[in-house]
Amino acid sequence: MWTLTILAAIGVVWALAYWGAGTGVWIAALAAALAVFTATTDAAWYVTTPLWLTATLVVLLFGVPRIRQRYITAPLFRQFRKVMPPMSQTEQEALEAGSVWWDAELFTGKPDWQRLLNLPRPHLSENERAFLDNETDTLCRMLDDWRITHEERDLPIEAWRYIKEKGFFGLILPEEFGGKAFSALAHSEVVMKLASRSITAAVTVMVPNSLGPGKLLMHYGTREQKAYYLPRLARGEEIPCFALTGPDAGSDAGAIPDRGVVCYGEWNGETVLGVRLNWEKRYITLGPVCTLIGLAFKLYDPEHLLGKKDELGVTIALVPRDTPGVEIGERHVTLDIPFQNGPNRGKDVFVPMTQLIGGVDYVGQGWRMLVECLAEGRGISLPALSVGAGKTAARFTGAYAAIRKQFNQPIGRFEGIEEPLARIAALTYQMDAARTLTLGALDIGEKPSVISAIVKYHLTEKYRRCINDAMDIQGGSGICLGPSNLIGRGYQAIPIAITVEGANILTRSMIIFGQGAIRCHPWVLREFQAVQDPDRKRGLVQFDHAIFGHVGFMLSNVARSLFLGLTRGHFSAAPVDGPTRRYFQQLHWMSAAFALSADVAMMTLGGSLKRKERLSARLGDVLSELYLTSAVLKRFEDQGRPQEDLPLVTWACEHAFYQMQESLRLLFRNLPLRPLAWLLRAVVFPSGTPYTAPPDRVDHLAAGILLQPGAARDRLTAGIFSTEDNAYRQGQIELAFTQAAKVAPIERTLRDAKRAGLLHANDAGALADEALAAGVISDEDARALKRMTQLRRDVVMVDSFEPYGNRNVLGTVAPRKPTMYAVKGGG
């Protein structure tokens, strides 16, 4: 009887914690339990009376807000104020920038999957589709990437002219100012398609439409600034750049040393109030050809011409290139990807207050303006470029693996090649799913700063992985640069994507979880705000609500993690039936495990977690994989659950679960409070660690999608530049790939005939002739084989050039071809 009673009590407590019961429910449950115990047992009064007294005391202490706040919350409140780490102004502004969205659901430990699935799938308007099919496709056909990167070191003049005339610099600008007013999806699709043809062109187009004067003016500009500058930007009359990074301020942009001093000066022949600027910037994309500089600097007012403060904070100005004192430097050589990039500086440059974005009203708010725009732009441009690279590798390296033969069979059929091919295919699927989901959020008005950091970091890292795998597969044809190499420049450009818009090491170790833990957690930000409230009485009441809400949240996740760990996610709700049901259930488990682990890490390390960057990075990795896997499942549902895509979904999900498991395992291993770490592992993985990397069988199926024509391959690689015109390298590969699929049965017939001793020739042409003479194949088959032989040769051949700059056998030196970078693109 006693055993059953104890087990029943444990079950009730567990259920209440699992479902996150409120204080009233706990009190009612406690009273009911004591009443049942008193009525159904023969326990003496001296046993039941202390139990009732203790329960009454607990209820009074925790259930009556005034008593709880005085005896429990107030001491905690005072301690919190002492130990809470100081928060800089830049950190505060970063936390307040943007919005939270699906990332907040993942932090709850019990995501609302229906909310995710109900999100409308983003789609292109008729005008956006027409622009992609016409203007963007035309620009792609104008671009010769070898000429751009090796000979001209710039986009050709006709491409610059076309980009300006057709409004590529005004994709995001409102129609009333002459822009296209495109959605985030359309902006991304344009960049992705261009990136599959020329990264130089993609960067040139994406920068003015991302973080820069145009976006800043749209959000914060005065009416007069918008009316003057936005039409000029949309028409390409102004080429913008944004100058933030300098020699002494890179990732730590809050430490900008560039100064502006409020003073009077001369502007257009009149003496006006303005700012005298001194700065030094570098790594500024479009800087060498810009006509308008968006400049970030710290503003000072020593004469108090604007108010009583001396230091006004980060401010942003629009500085025309021809302003006296502006010096545009030469070009940086960015790994032979020749988009315009270089330094600029200013010495005693004077601009009026009307040149400050937003005017006097936005003085000192520049950092918040930057972070808010970055929260949006970082989720579009670099993810689009990364997905473009992944799709290029999937389509054309996959085709190469089907065309290229070794040991008398396509190299894609070797298991050693299947492994990287599967990785390329599934990571590209995952990347595109995350890109599309994020764009859908942006197009409904969200500005998810944490998610934009996730997709920037993980998609650029997966771009690196895909292109590295493609290089391994293509071997010599990958390392020999020339017009025939579709992946070489993408390989060279990897560190650029990794570095810009927040270096990846910083993004992973400090931003994703560091910002996400406060912004997305349902209670932590409220605790911070309560502690910082100057009204201590009000702050105590808010803190009381937040801290006990947090305790209930944590208890719920302890119960949830243990139950889901014991059952490995079985019995948890899933929004769908079918092959992905178990993945939703396992995501539920991992979400609860993440929420609990994050709380334990924050509870035990406090402010020092900010300095334990590797622990923070591992928690960020789990949050990221939760988001990426959510995106994969959402994409599969949005596209109507095509069965042909299941190998990609399976690979992406199993890989993600394995990554989550390993990140959590390493987190537990490195938490400093070892007994708590052991207990946490026992709660999260009570039945062991179940996940492994995707099995070989799934690799085989996923790789197979890239090795033959089909709807799954076309869906996976949709949106990049592709053609069957053999004037383009893409066309040569497509024609050979299609032909390879047609002749595969014929080649199989020849192999069987050769094994049977009917044929003996080794040369492909001779073998076809012998088979034809022996009646093994038809005339049409023989012609198809000979055409395949020529097409295959066209694909596997690599570029070579006349020697230059090398000493020949006669001891003379051939003349060296010029390789200097010229600044001519914007003319």
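The values are calculated or read from the model by the stated rules, or taken from the named source; none is laboratory data. Since we're looking at a predicted model, the values are computed, not measured. Neighbour counts are summed over all protein chains in view; Cβ atoms, including those assigned to glycine, are modelled from backbone coordinates with ideal geometry. What goes into the accessible areas is simple: the full protein's heavy atoms, side chains included, and nothing from ligands, DNA or RNA. Shrake-Rupley method; radii C 1.70, N 1.55, O 1.52, S 1.80 Å.
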Fill in the blank from the handout: With +1 at each Lys and Arg Cβ and -1 at each Asp and Glu Cβ, the charge dipole magnitude of region 526-576 around its Cα centre, to the nearest 20 debye, comes out at 120 debye
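What does the net charge come to around LEU106 if you take all other residues with beta carbon closer than 11 Å to its beta carbon, with K and R at +1 and D and E at -1?
Values: positive: LYS110; negative: ASP103, GLU105, ASP112, GLU625.
Value of the local net charge: -3.
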Problem - Value of D in µm² per second that Stokes-Einstein yields for region 272-417, Kirkwood Rh from Cα pairs, at 10 °C (1.306 mPa s) - result: 84 µm²/s
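Using a Förster radius of 30 Å, what is the FRET efficiency between VAL551 and HIS219 based on their Cβ-Cβ separation? Nearest 0.05, please.
Values: r = 39 Å, r/R0 = 1.31.
The value I calculate is 0.15.
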Practice task
List the relative contact order of the chain as a percent without decimals, with contacts defined as Cα pairs under 8 Å and 6+ residues apart.
Solution key: 16 percent
Practice task
With a point put 7 Å past each Cα toward its Cβ, work out how far ASP533 is from GLN409 in nm, to one decimal.
Solution key: 7.1 nm
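At 0.36 nm per residue, minus the direct Cα-Cα distance, what do ARG611 and ASP779 gain on full extension? Give it in nm, one decimal, please.
Numbers: separation 168, 0.36 × 168 = 60.48 nm, distance 7.26 nm.
Between ARG611 and ASP779, full extension yields an extra 53.2 nm.
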Handout entry: Size of electric dipole in the chain: Cβ of Lys, Arg +1 and of Asp, Glu -1, about Cα centre, debye, nearest 20
Key = 1940 debye
Handout entry: Kirkwood estimate for region 153-226, i.e. one over the average of 1/r between Cα atoms, Å
Key = 12.9 Å
Practice task
Taking every Cα atom in region 62-220, find the radius of gyration and the maximum pairwise distance Dmax, and write them in Å.
Solution key: 24.6, 78
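Express in nm, to one decimal, how much length is gained between GLN79 and THR723 on full extension, taking 0.36 nm for each residue of separation and deducting their alpha carbon distance. Before the final figure, lay out the partial values.
Working: separation 644, 0.36 × 644 = 231.84 nm, distance 6.62 nm.
Length gained, GLN79 through THR723: 225.2 nm.
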Practice task
Could you pull the Cα extents of the chain along its three principal axes, largest to smallest, in whole Å?
Solution key: 106, 90, 55
Handout entry: Protection proxy ranking of 508-516, 635-643 - average other beta-carbon atoms within 10 Å, highest first
Key = 508-516, 635-643
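With contacts defined as alpha carbon pairs under 8 Å and 6 or more residues apart, what's the relative contact order of region 307-361 in percent? Walk me through the numbers on the way to the answer.
Working: 50 pairs, mean separation 20.4, N = 55.
This gives 37 percent for region 307-361.
Give me the percent of the accessible area of region 276-334 that comes from carbon and sulfur atoms, probe 1.4 Å, all protein chains in place. Provide the component values of the computation, followed by the final result.
On the way: 1200 of 2620 Å².
That share works out to 46 percent.
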Practice task
Quick one: check the C-alpha center-to-center distance for region 578-612 versus region 231-292, whole angstrom.
Solution key: 43 Å
Problem - No Cys partner within the rule (Cβ under 4.7 Å), the chain - result: CYS140, CYS263, CYS373, CYS466, CYS480, CYS520, CYS653
Practice task
Please list the non-local residues whose amide H lies under 5 Å from the amide H of ARG259, H modeled 1.01 Å from N, same-chain partners needing a gap of 5 or more.
Solution key: ASN278, LYS298
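On average, how much accessible surface per residue is there in the chain, in Å², for a 1.4 Å probe, leaving out ligands, DNA and RNA?
Solvent-accessible surface per residue comes out at 43 Å².
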Practice task
Using Cα centres only, tell me the gap between region 353-428 and region 143-183 in whole Å.
Solution key: 20 Å
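Calculate the dipole size of region 381-517 relative to its Cα centre from +1 charges on Lys and Arg beta carbons and -1 charges on Asp and Glu beta carbons; express the result in debye to the nearest 20. Working shown, then result.
Values: 14 positive and 10 negative charges, 43 e Å.
That gives region 381-517 a dipole magnitude of about 200 debye.
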Completion exercise
Expressed as a whole-number percentage, the relative contact order of region 492-599 with C-alpha contacts under 8 angstrom and at least six residues apart is 18 percent
Completion exercise
Going residue by residue through region 429-436, the Karplus relation 6.51 cos²θ - 1.76 cosθ + 1.60 with θ = phi - 60° gives ³J(HN,Hα) values, rounded to whole Hz and with x marking Gly or Pro, of 4, 5, 4, 5, 4, 5, 4, 5
Handout entry: Inter-label distance, nm, simple model (7 Å from Cα along the C-beta direction), LEU119/LEU506
Key = 2.7 nm
Practice task
Calculate one ³J(HN,Hα) per residue across region 440-446 by plugging θ = phi - 60° into the Karplus curve 6.51 cos²θ - 1.76 cosθ + 1.60, and present them in order as whole Hz with x for glycine and proline.
Solution key: x, 5, 4, 6, 9, x, 6
Handout entry: Label point at GLU165 placed 7 Å out along Cα→Cβ; residues across region 213-252 whose backbone nitrogen lies under 19 Å
Key = 232-239
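Helix-only estimate, please: 222 nm mean residue ellipticity of the chain, summing -39500 (n - 2.57) across DSSP H runs of length 4 or more and dividing by its residues, to the nearest 500. Kindly include the intermediate steps, with their values, before the conclusion.
Numbers: 34 runs with 460 residues, N = 827.
So the helix-based figure for the chain works out to -18000 deg cm²/dmol.
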Problem - ASP348-ALA766 FRET efficiency (beta carbon distance; Förster radius 60 Å; 0.05 resolution) - result: 0.15
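Of all the C-alpha pairs in region 481-625, what % are more than 18 Å from each other?
Numbers: 7155 of 10440 pairs.
Tail of the P(r) past 18 Å holds 69 percent of the pairs.
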Practice task
Sort the following peptides by mean Cβ neighbour count (other Cβ atoms within 10 Å, averaged over residues), highest first: 605-616, 398-409.
Solution key: 398-409, 605-616
Practice task
Sort 326-334, 521-529, 35-43 for me by packing, meaning the mean count of neighbouring Cβ atoms within 10 Å per residue, highest on top.
Solution key: 521-529, 326-334, 35-43
Practice task
Using only the Cα atoms, work out Rg/Rh for region 635-759, with Rh taken as the Kirkwood radius, to two decimals.
Solution key: 1.21
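Please say if region 208-302 is rounded, prolate or oblate, where rounded means a/c under 1.5 for a ≥ b ≥ c the square roots of the C-alpha gyration tensor eigenvalues, and otherwise the choice is prolate for a/b larger than b/c and oblate otherwise? List each step's numbers first, then the result.
Working: a/c = 1.79, a/b = 1.07, b/c = 1.67.
It is oblate, given that a/c is not under 1.5 and a/b is not larger than b/c.
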Problem - Surface share of carbon and sulfur [accessible, 1.4 angstrom probe, percent] for region 534-596 - result: 65 percent
Problem - Top positive-direction residue, dipole computed over region 155-196 with Cβ charges, set LEU185, GLY170, ILE157 - result: ILE157
Fill in the blank from the handout: GLN708 and ALA28 label points (each 7 Å along its Cα→Cβ direction) are spaced in nm at 6.0 nm
Exercise for the section: For region 477-537 and region 542-562, write down the distance between their C-alpha centroids in whole Å. Expected result: 28 Å
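Taking K and R as +1 and D and E as -1, what net charge do the other residues with C-beta under 10 Å from the C-beta of LEU437 add up to? Don't skip to the answer; put the middle values down first.
Details: positive: ARG121, ARG435, LYS634, ARG635; negative: ASP432, ASP638.
Within the 10 Å Cβ shell, the charges total +2.
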